[in-house]
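Here the structure comes first, spelled out in structure tokens, and everything after it is commentary.
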Ligand code: SAH
């Protein structure tokens, strides 16, 4: 199998049902993962810093229209404490994620980022939605290293249906991703698999787009219906896609992860919490064995964690950071992998051209 797979071949694999053939896909993805990024599993401590959101996304439980949710925004000191915990556990990165919360101002967050960067050796990843250029630039200037913004689906019509714009500002996540790259961020994106109205062909296109965009990080998880959202309550219907609807099943997520590893061999690919949510027993391990190389243990203080309900029954909703940390270590070792050290950024790796030209490689 060539990693230069075209969209038609990707589509063929997404439809593949033969278990023997799929074993072959898992094997190739796992081999590629080992050859390109090694056996280390990088841990990114996830801190869900606010569940306020100004958007009306039809899939997400944080949407402003969900009036049954108690809202919180963490204090700067609480965020610093969580970052210290990440450092204590030996993680290389802290990820600050939130709804699109304009109560998180450019200046306030820049100060939080500056404090984390001066008090810890952590890489700082932000995942705060579609913020203004000047805000993204201010946070980068404050020291933020990476930004995650999933494009969710490359099907423009579907995206517009499930992700209504605010006012007359048009959402173009692909343009924001480009802008982030220009600002010097390492850039992550990704999709949900099994969104109502999402076709096999559009997921094949998403995966081809991962390759084209040269993304550093790619997160893929199943769509999980939330009853307090239009998509989860059945209030929003989609025209039949003539048997082309992609299921939001575990198997489909593994296929998408494995194919993504093949088309973007050196990307950082997490075994996501959403995947762990639909298979709490060993979804994470299977993700790691079918292409993934990153875990995002949850460091959100327990009192807030159940309130960051983007979808119901999230994995690890009641474990403390300590418990999560211990459990993940066991899981990683149980499949013969080891825990990565340092920030684990893709851009830190030597460029292929450098390796080929025989230059010395400090990571060897
Ligand atoms: N406000 C930020 C962070 C959102 S939560 C942003 O929009 O980027 C991070 C990710 O969770 C989203 O990008 C989406 O892919 C995923 N998510 C949201 N609702 C979900 C659901 N119901 N099922 C599965 N994943 C969901």
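Given Cα pairs under 8 Å that are at least 6 residues apart, what percent is the relative contact order of the chain? If you can, show how the numbers build up before the last one.
Details: 663 pairs, mean separation 85.4, N = 364.
23 percent.
Of the DSSP beta bridges with both residues in the chain, give the percent that are antiparallel, rounding to the nearest 5. Write down the numbers at each step before the final one.
Numbers: 2 of 32 bridges.
Of those bridges, close to 5 percent are antiparallel.
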Radius of gyration and maximum dimension Dmax of the chain, Cα, Å = 19.4, 59
How many angstrom separate the Cα center of segment 1-48 from the Cα center of segment 232-265?
-> 15 Å
CD proxy, 222 nm, the chain: helix-only mean residue ellipticity via -39,500 (n - 2.57) per DSSP H run with n ≥ 4, per residue, nearest 500, stands at -12000 deg cm²/dmol
Report the dimensions of segment 176-225 along its three principal axes from the alpha-carbon atoms, largest first, rounded to Å.
-> 34, 21, 15
Debye equation applied to the C-alpha atoms of segment 45-154, log10 I(q)/I(0) at 0.13, 0.21, 0.22 Å⁻¹ = -0.47, -1.15, -1.23
Projected-area mean, segment 243-346, by convex hull of Cα positions, square nanometres = 7.8 nm²
How long, wide and thick is segment 160-250, going by the Cα atoms along their three principal axes, in whole angstroms, largest first?
-> 41, 32, 21
Considering the chain as a Gaussian network with a 10 Å cut-off on Cα pairs, which listed residue, 315, 83, 144, attains the greatest mean-square fluctuation?
-> 315
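If you take every DSSP beta bridge whose two residues both sit in segment 90-249, what share of them, in percent to the nearest 5, is antiparallel?
Working: 1 of 18 bridges.
Percent antiparallel among DSSP bridges in segment 90-249 is about 5.
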Which distance in Å, rounded to a whole number, links the C-alpha centroids of segment 126-181 and segment 274-293?
-> 27 Å
Quick one: compute the contact order of segment 1-114, relative version, from alpha carbon pairs under 8 angstrom and 6+ residues apart, as a percent.
-> 30 percent
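Just so you know, all these numbers are worked out from the coordinates, no wet-lab data involved. These numbers were taken from a predicted model, which means no experiment stands behind them.
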